[in-house]
1. Which far-off residues, 5 or more places away or on another chain, put their amide H under 5 Å from the one on Val75, with H placed in the peptide plane?
2. For Glu161, enumerate residues with amide H under 5 Å from its amide H, sequence gap 5+ or separate chain, H modeled in the peptide plane.
3. Using the alpha-carbon centroid of each, what span in Å lies between the range 80-105 and the range 134-169?
4. Among Lys142, Lys103, which comes first, second and so on when ranked by fewest other beta-carbon atoms within 10 Å?
5. Search the structure for amide H atoms under 5 Å from the amide H of Val131, placed 1.01 Å from N in the peptide plane, and list their residues when 5 or more places away or on another chain.
6. Taking θ as phi - 60°, what are the ³J(HN,Hα) couplings along the range 96-101 by the Karplus curve (6.51, -1.76, 1.60), each to the nearest whole Hz, with x for Gly and Pro?
7. Under a point spin-label approximation (7 Å from Cα along Cα-to-Cβ), what is the Ser94-Glu71 distance to one decimal in nm?
Amino acid sequence: MKRLGMAAGVLAIVLGLCVIAGCSGEKTTSSTTTTSTVTKDSAVSTAPETNTTTTVDTETSGTVDNDDSQEWTTVMELKGSDTEEITSDIFTLSGAPARITWKVESDSMWIIAAFVEAEGHDLQSQGGFPVFMESKEKQGSKTLKRGPGNYFLHVNVANSEWTVAVQEQK
């Protein structure tokens, strides 16, 4: 039960940060100016100013590029409807390429976040970062970078019918 409360808190914090940061799926541009001064044997050398512009595209594609010659096998799947938090039983990943997929059906505003954590991890006391958090793409998948071991899937969702699955290539 503690896992559920912490996951809800993490979801609320992430959503709040997205609102504060203005996460809108638009491109963001930032500039940085760096000036450095080095002193050696009473001589002063000033490095030239460097201007760096970084453009970050915050759109998510919801796709995974993997070798399609092998079949994807579902290791764990959770389904639900409306607003809820749910945690799966423990499942095992072999270390093969893995992904997490989602599908959402909703006619109103919705959001979904999924965590894949190692067996014994306590979201309540240790926290965690979602593998994905989505409120635009109703269907998609993301690469799941986890080594071989035992894990659980935790999903926070609001206002939708949904399915989240962890899959491995075999």
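We did not get these values from a lab; they are worked out from the coordinates using the rules stated. Since the structure is predicted, the reported quantities are computational estimates derived from the model, not experimental observations. When we count neighbours, we look across all protein chains shown, and the Cβ atoms used for this are built from the backbone with ideal geometry, even at glycine.
1. The list, which skips near neighbours in sequence, is Val166, Gln167, Glu168.
2. The list, which skips near neighbours in sequence, is Asp82, Glu105.
3. Cα centroid of the range 80-105 versus Cα centroid of the range 134-169: 4 Å apart.
4. Lys103, Lys142
5. Ala114, Phe115, Val116
6. 5, x, 9, 8, 10, 10
7. 1.2 nm
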